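Scroll down for the structure; my scribbles are underneath it.
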Amino acid sequence: MKIGKIIKVSGPLVVAEGMDEANLYDVVRVGDKGLIGEIIEMRGNKASIQVYEETSGIGPGDPVITTGEPLSVELGPGLIESMFDGIQRPLNAFMEAANSPYLIKGVSVKPLNRNKRWAFTPVVKVGDKVLTGDVIGTVQETTVVLHKIIVPYGIEGTIKQIKGGEVTIDEIVCVIETSKGVKELTLVQKWPVRKGRPYSRKLNPVEPMTTGQRVIDTFFPVAKGGTASVPGPFGAGKTVVQHQIAKWGDAEIVVYVGCGERGNEMTDVLNEFPELKDPKTGESLMKRTVLIANTSNMPVAAREASIYTGITIAEYFRDMGYSVSIMADSTSRWAEALREMSGRLEEMPGDEGYPAYLGSRLADYYERAGKVICLGSEGRQGAVTAIGAVSPPGGDLSEPVTQGTLRIVKVFWGLDAQLAYKRHFPSINWLDSYSLYLEKMGVWMDEQVAPGWSSLRTDAMALLQEEANLEEIVRLVGIDALSERDRLKLEVAKSLREDYLQQNAFDEVDTYSSLDKQYKILKLVLQFEEEASRGLEAGVYLEKILNLPVRDKIARSKYVPETEISKINEISVELKKEVDKLISEGGVLDA
Ligand code: ADP
Ligand code: MG
């Protein structure tokens with residue numbers, strides 16, 4: 001093997017010559033310690049290498065060896081409940097092996113546990129014909145995840161041998177006779193992270209990936225297989241929104257990428273998720289979660305790889321026929337890593353110093369989302385829903401990362417510093433945000449939740465928009481200029497904001513609202529307008545209606561536990577009764 005030689009080191013960038021045997025995107029081992037790097041540019045026999053570990057102590061003359069392989073992840077049982085870094089080093093196992101709380105340079109630990117035995121149950125038999133993507137057997141990876149072992153890409157043929165039982169991921173469990181010879185399969189396969197995993201066909205998303213967050217599901221839904229971004233200034237609630245979606249989102253598998261943000265946020269996830277129970281399965285949320293952490297205190301280059309590592313793992317579970325959601329917090333920190341590398345490569349800088357290819361790299365992530373028919377004869381359907389936080393400096397949405405993202409994603413949850421300041425959470429601005437899936441998801445909601453869903457939602461949004469106009473009038477000429485009807489509208493809009501849109505992530509009940517509950521509360525809030533209008537028409541003073549005791553119950557309906565949501569219907573009956581009573585009393589103001 002020919003060994004290259006370092007000629008320059010600049011932070012995470014190393015340039016080596018004598019690399020004529022290497023290819024672009026090869027993984028290389030750098031220096032005597034064998035630091036892990038990836039070739040990101042080739043010029044003649046000179047390779048520019050992005051090194052994923054601290055490069056201090058490395059210098060010109062040190063050796064560089066190519067592995068001849070692209071940056072890849074291992075896919076197999078053991079992914080769930082693990083925490084990896086951006087290039088899939090298993091952080092827990094790693095720290096154990098190195099006996100240190102930090103990553104030690106050059107220490108290599110395989111991503112997946114080699115010693116653990118998994119009970120493998122074959123679902124094919126000798127003589128069966130299989131295609132790429134066909135399931136040959138399963139492993140119950142956790143109480144909630146059935147890990148399907150699928151025939152790797154490029155292999156098809158006849159099963160010659162298959163064996164079940166307790167095996168490690170390196171043991172051969174299946175032998176397939178193919179036209180190109182015999183292939184031996186284990187429980188693990190590899191895939192290059194920068195390449196989307198193939199599928200049979202992309203489908204149009206028709207179903208929402210519900211999140212249990214009212215403002216999202218009702219007004220700005222994301223489809224299963226869709227893309228969404230959540231831009232917002234520091235402290236606006238990006239991390240909380242993403243944690244909420246990871247916790248309560250309707251996905252069978254969650255991949256959470258902590259990317260360049262503070263390390264303690266990942267610790268929060270690690271502490272919280274095992275304790276939290278999935279509302280559907282009643283099992284710990286960690287039992288279906290994979291964590292990738294490249295926090296701000298870790299080498300910057302691996303941050304660049306982390307989102308591709310994450311989405312490759314997401315695609316792998318999609319290929320088993322699961323609905324997967326992936327969150328990246330924050331893509332801005334990821335883009336900064338890209339910018340730093342580009343600067344060191346002395347590339348021509350684009351907008352604000354970001355490389356010209358920023359947009360296409362962002363697309364390389366989001367475009368791997370989708371609802372698909374998987375490879376294989378079964379025609380399974382799987383989905384990857386991709387969500388990314390963006391942290392625009394100073395909250396300025398015209399900056400390149402936000403703009404590059406909004407050109408690709410279909411949902412924009414715009415977090416608003418002023419709302420956050422007023423402690424209106426989630427601080428998703430209802431006037432600026434949008435979802436391009438709104439209409440399609442409305443059709444689904446009308447069919448699956450309640451026939452009146454979309455018209456209710458349209459009415460509610462119309463009221464919120466009208467509120468903005470009415471407030472403008474009030475600012476100019478004062479509240480007295482408004483008719484009672486308009487004042488009622490303002491009251492209902494306020495109730496929509498406070499009783500519906502605001503949702504406390506840290507309240508045991510309020511943290512999650514089922515669609516059924518969302519519908520019932522929204523209906524109740526709007527029913528108040530109807531009932532109040534009925535009262536006004538019958539000559540009741542607005543004041544009287546606004547002071548009805550039932551209003552407090554409406555405000556508290558979000559704290560009604562899921563198991564008791566029929567109580568919300570009772571509030572609606574009470575509302576009607578109280579208004580009836582006012583009308584019968586003639587509505588005179590208290591003396
Ligand atoms: P960012 O990631 O945008 O910097 P965070 O997600 O860390 O902001 O949120 C900052 C703080 O805002 C949180 O610590 C929490 O106190 C508050 N917060 C955000 N969202 C909610 C929510 N849905 N419910 C209650 N508090 C929230
Ligand atoms: Mg954050």
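Values as computed for the structure displayed
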| quantity | calculated |
| --- | --- |
| Sole residue being farther than 23 Å from Ile326 by Cα and in contact with a Phe, Trp or Tyr (Cβ under 6 Å, 6 or more places away or on another chain), chosen from Thr132, Thr158, Thr168, Thr178 | Thr132 |
| Residue satisfying condition, being within 16 Å of ligand 2 (Cβ to nearest atom) and among the small types (Gly, Ala, Ser), within set Ala369, Ala328, Ala314, Ala337 | Ala328 |
| Top-ranked residue of region 379-390 - restricted to ones that are within 17 Å of Ala236 (Cα to Cα) and either modelled with pLDDT under 95 or among the aliphatic types (A, V, I, L, M) (or both), ranked as nearest to ligand 1 (Cβ to nearest atom) | Ala389 |
| Long-range neighbours under 7 Å by Cβ, at least six apart or interchain, first residue closer than 30 Å to Lys129 by Cα within region 352-381, second among the charged types (D, E, K, R) and assigned to a strand (DSSP E or B) | Gly370/Lys202; Val372/Arg201; Val372/Lys202; Ile373/Arg201; Gln381/Lys371 |
| Candidate set: region 233-250, residues that are more than 10 Å from the chain's Cα centre (by Cα) and part of a loop (DSSP other than H, G, I, E, B); chosen: the one farthest from ligand 2 (Cβ to nearest atom) | Asp250 |
| Leading residue by the ranking (nearest to ligand 2 (Cβ to nearest atom)) among those in region 219-232 that are surrounded by 24 or more Cβ atoms within 10 Å (Cβ to Cβ) and not in a loop (DSSP other than H, G, I, E, B) | Val230 |
| Conditions (1) more than 30 Å from Ala462 (Cα to Cα); (2) within 13 Å of ligand 1 (Cβ to nearest atom); (3) surrounded by 24 or more Cβ atoms within 10 Å (Cβ to Cβ); number of the one not met by Arg262 | (3) |
| Entirely in region 15-76, the strands (runs of 3 or more DSSP E) that have 3 or more residues that are under 19 Å from Ala302 (Cβ atoms) and in contact with a Gly (Cβ under 7 Å, 6 or more places away or on another chain) | 26-30, 46-51 |
| Residue satisfying condition, being hydrophobic (A, V, I, L, M, F, W, C), away from ligand 1 (no atom under 16 Å from the Cβ) and outside any loop (DSSP other than H, G, I, E, B), within set Val269, Val324 | Val324 |
| Asp278 surrounded by fewer than 24 Cβ atoms within 10 Å (Cβ to Cβ) and within 16 Å of ligand 1 (Cβ to nearest atom) | no |
| Residues that are within 21 Å of Ala363 (Cα to Cα), out of contact with any Ser or Thr (no Cβ under 8 Å at 6 or more places or on another chain) and not β-branched (Val, Ile, Thr), drawn from region 294-313 | Ala301, Ala302, Arg303, Glu304, Ala305, Ser306, Tyr308, Gly310 |
| Flag if Glu81 is in a strand (DSSP E or B), within 30 Å of Arg288 (Cβ to Cβ) and charged (D, E, K, R) | no |
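The values are calculated or read from the model by the stated rules, or taken from the named source; none is laboratory data. Computed from a prediction, not measured in an experiment: that's the story for all the values here. So basically every Cβ, Gly included, is an ideal-geometry build from the backbone, and we count neighbours across all protein chains shown.
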